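Contents: one structure, followed by commentary.
What follows is calculated from the coordinates using simple rules that are stated; it is not laboratory data. Predicted, not measured: the structure shown is a model, and the values here were computed from it. For neighbour counting, all protein chains shown are included, and Cβ atoms are generated from backbone atoms with ideal geometry for every residue, glycine included.
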Amino acid sequence: MVLDYGAGFTAKATGTRILIYTNATICEGLEVELQDVKLQGVVSEVGWFNTTVNGYEGTRVTVPNRRILDGTVIDKTNKRFRVCQKKIVITFDDPSKLDALARPPDDA
């Protein structure tokens, strides 16, 4: 009975990986957002049982293939722009120049 359970589990995992490749749901190098897992990053490996994603926070996350197949995958690889948020500090010797920086440019 244990052998049947193990064989069934392996067959399911193999089937899941085949479905991921057949549907082209996810592959190495793809920039993705896995909505159900709340994860964004770049796929580094698609294995038989799990997929590894390098998250933007510097973490490596392993996600079961079944969760990927059952969930929502957003492909962010081929977007035309990238959102970037940066905080900068500006210092002046003369604080009166701050108004000129905050003013919108002239259209002339």
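Miscellaneous remarks
- Summed side-chain charge close to T52 - residues other than T52 whose Cβ falls under 12 Å, Lys, Arg +1, Asp, Glu -1: -1
- Potential extension, D93-D106 segment - 0.36 nm per residue separation minus Cα distance: 2.2 nm
- C27-K79 pseudo-label distance in nm [points 7 Å out on the Cα-to-Cβ vector]: 2.2 nm
- Per-residue HN-Hα couplings for the range 59-65 [Karplus 6.51, -1.76, 1.60; θ = phi - 60°; Hz; x = Gly/Pro]: 9, 9, 10, 9, 10, x, 4
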